[in-house]
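Reading through the structure tokens given below for one structure.
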Amino acid sequence: MFRAMEVPQHDATDWQAAAAEWFTRRLDDPRVCIMVVEVDGAVVATAMGILREAPPSPHSPGGDVLVCNVCTDPGARGRGHGRAAFDAVFAWSRTVGAGRAELLATEDGRRMYEKSGFRASRSPVMRAPLLSSGPAVQYRDQGARQRGAEGMRRPGADEQLT
């Protein structure tokens, strides 16, 4: 999938071991739907949906489903395999109580998603690296007070939040 999307470092082994473990732990998780399409014993397309835990909102009182990893092997494109995997995940999404589905579309897949009712959002996706790259952010008591966060704390489980 990542090779087909021309993602740098797709052949690195460190993330592959972590991915294998992640997928293995979620194969029977009812909050995750992993679909593959096989032709002659080879996987040619994939799609996945994940019911995300999030606070209810006016847009989605029951949370939302992240649709991801929709990909078709370049040699098997144009035969409906990616559509079949995506449709199965989208059908599952309608059964888990979520209020909406969300995905990050490539230009190659955009038409397929729009035909299923997806629309571009006014909120752009923004990302920040949390591992070794990116600026390190450190909060100290003095710095928090200077930013007006003197009383900042995590609420306890026994407190009611309104």
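The values are calculated or read from the model by the stated rules, or taken from the named source; none is laboratory data. Being a predicted model, the structure only gives us computed values, none of them experimental. Ideal geometry is used to build each Cβ from the backbone, glycine not excepted, and the neighbour counts take in all protein chains shown. Heavy atoms of the whole protein, side chains included, go into the accessibility calculation; ligands, DNA and RNA do not. Shrake-Rupley method; radii C 1.70, N 1.55, O 1.52, S 1.80 Å.
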Of all residues making up the stretch 85-123, the number that are of a type in the set (Gly, Ala, Ser), open to solvent by less than 70 Å² (accessible area, probe 1.4 Å), within 16 Å of the chain's Cα centre (by Cα) and within 15 Å of LEU66 (Cα to Cα): 6
Counting only residues that are free of Cβ contacts under 8 Å to residues at least 24 places away in the same chain and touching a strand residue (DSSP E or B) at 6+ places or on another chain (Cβ under 7 Å), the stretch 61-85 contains a total of 0
Does ALA88 meet the test of being of a type in the set (A, V, I, L, M) and touching a strand residue (DSSP E or B) at 6+ places or on another chain (Cβ under 7 Å)? yes
Filter the stretch 97-123 for residues that are closer than 21 Å to THR46 by Cα and in contact with a Gly (Cβ under 8 Å, 6 or more places away or on another chain) and give the result. ALA101, GLY109, MET112
For GLU102, are the conditions met, namely being of a type in the set (Asp, Glu) and part of a strand (DSSP E or B)? yes
Residues of the stretch 78-126 being more than 29 Å from ASP29 (Cα to Cα) and among the charged types (D, E, K, R), which ones? ARG79, GLU107, ASP108, ARG111, ARG122
